[in-house]
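The values are calculated or read from the model by the stated rules, or taken from the named source; none is laboratory data. As the structure is a prediction and not an experimental result, all values here were calculated from the model. Don't worry about glycine lacking a Cβ; one is built from the backbone with ideal geometry, like all the others, and counts go over all protein chains shown. Only protein heavy atoms, including side chains, enter the accessible area calculation; ligands, DNA and RNA are left aside. Shrake-Rupley method; radii C 1.70, N 1.55, O 1.52, S 1.80 Å.
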Amino acid sequence: MEEQRTRRWGGPPWAGGGPPWGRWQGPSWWNRRDEEEEGGRPRWPWRSTLLLTVFVLVGSNFAAEQQPDREQLDVLARVLLFGGAALLLWRQRYPVAVVFGTAATALVYFSAGYPYGPIFLTVALACFSAIVAGRRWAAWTALGTLWVVHLLVGHWLYRWLPPKGDPVSSWGEEVAIAAWMVAILAVSELARVRREQWDRDRAERRQAANRRADEERLRIARELHDVLAHSISVINVQAGVGLALLDSDPEQARTALTTIKAASKEALGEVRQVLDTLRTPGDAPRAPAPGLDRLPELVEQAAGAGLTVDVESGGERRTLPPGADLAAFRVIQEALTNVVRHSGSRHARVRVDYARDALTLRIDDDGPATGEDAGGSGNGLAGMRERAAALGGTIEAGPREDGGFRVLALLPLKNSREASGASAGRSDSPEKSLKLKEDR
């Protein structure tokens, strides 16, 4: 008799009936993670809901044929089956309401004595979706309530509920059902932890991409400022000279125009190189980045702007890491540009000291400051400090006691060598290939 009766509330599959919850652990975020509407809300998971609804209706008909001692499916049973499955269409938007709704339909269905079948799949999937969405208390409460009501029906209320003559449920069956519920909760919790980890990783990757984009914008702005500020300053000075001497000394005006042409050509070449890097990310630059080997050209350009520059060096000259070499050139270039713009002195001194682990730059002029606005953006000193800070160095700039102005830069070579090597090893994406060489 015990073997022939159908177990109330669907015991484990190997016991002859009951909910095969362990067969459906489908990740409910498939339709949520990859398919989102423009407003950021998940799309309706109608495909999976439609398939599950068909499976529940067909499977329940098959279960009814195998369990003739249970109540046969009528209109109420089919409404409960369809309604419980249809609720899953809202499982991603309203997981709490769906998990309690599916649990309630399952309670009514089995309390009415209908055949055990795949309706438990709706409860399992709703529970899974609620936990993955972070509504753990709702899923645990719904399953706990389901099990408590099952105890009441199987050991007390079965006397008054259909089908008539149904015996009391065994405690072994209760333990088996509890084990299935715990398994569902455990798998759902594992999926929730994995999803949270994926979300954290994705957020970190997004932040890293935004950080690289910000650094790249800063690098481009700094490069364009350094290139254009120096060249435009030379052009500005020479244009003034040319206008002043156009009638009185045409030959000198011709020399000024020649200087303007050379400065503008060089500026266009460097700007084109920066823009080419943006248009074809990942490609090697057509021309090497400027360094201290181009210091004589810088001095010659300054002379064209009417500035005499004396260059001194100390220590044993050697090849510098690319990051430090470029930063040193740009610091000297910007310092000389500021002398042309803002100093009344037409003489400047540049000293480069080579040490084992550091490079020291000192640029002096005798002043005084003119107080005139030469059209600069005011970002020159900030750009120099950013370049030095990227290498772990420092920039000190300010007036001297004798009325002149001094820029003192200390650039560590160890950090710049590591930064340059790291930048050279990143070539697998456009953003990485454009990353700052000076980045620590």
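Taking the stretch 399-410 as the range and being more than 12 Å from Asn338 (Cα to Cα) and open to solvent by less than 20 Å² (accessible area, probe 1.4 Å) as the test, the residues that pass are Gly404, Ala409. Picking from residues in the stretch 324-377 that are at pLDDT 80 or above and of a type in the set (Asp, Glu), the one that is farthest from the chain's Cα centre (by Cα) is Asp366.
Here Gly40 clears all of (1) small (Gly, Ala, Ser); (2) surrounded by 13 or more Cβ atoms within 10 Å (Cβ to Cβ); (3) modelled with pLDDT of 50 or more except the condition numbered (2). Taken over the stretch 51-78, the criterion of being of a type in the set (A, V, I, L, M, F, W, C) and surrounded by 14 or more Cβ atoms within 10 Å (Cβ to Cβ) is satisfied by Leu52, Phe55, Val56, Leu57, Ala63, Ala64, Leu73, Ala77. Of the set (1) in contact with a Ser or Thr (Cβ under 9 Å, 6 or more places away or on another chain); (2) open to solvent by less than 30 Å² (accessible area, probe 1.4 Å), all apply to Ala209 but (1).
Look through the stretch 383-398, keep the residues that are of a type in the set (A, V, I, L, M, F, W, C) and surrounded by fewer than 21 Cβ atoms within 10 Å (Cβ to Cβ), and return whichever of them is nearest to Asp214 (Cα to Cα). This residue is Ala389. Within the stretch 331-354, the set of residues being open to solvent by 10 Å² or more (accessible area, probe 1.4 Å), in contact with a Ser or Thr (Cβ under 7 Å, 6 or more places away or on another chain) and not in a strand (DSSP E or B) comprises Val340, Arg341, His342, Gly344, Arg346. Does Glu431 qualify as being at pLDDT 70 or above, out of contact with any strand residue (DSSP E or B) (no Cβ under 8 Å at 6 or more places or on another chain) and in a helix (DSSP H, G or I)? No, not satisfied.
Looking only at the stretch 237-247, how many residues end up being crowded, with 18+ Cβ neighbours inside 10 Å and not polar (S, T, N, Q)? Looking only at that region, the number is 3.
So that you can scan it fast, the table gives a plain yes or no per residue for (1) open to solvent by 70 Å² or more (accessible area, probe 1.4 Å); (2) at pLDDT below 75:
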| residue | (1), (2) |
| --- | --- |
| Ser233 | no, yes |
| Asp249 | no, no |
| Ala263 | no, yes |
| Val274 | no, yes |
| Pro288 | yes, yes |
| Val309 | no, no |
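Here Glu71 passes the criteria (1) in contact with a helix residue (DSSP H, G or I) (Cβ under 6 Å, 6 or more places away or on another chain); (2) assigned to a loop (DSSP other than H, G, I, E, B) except the one numbered (1).
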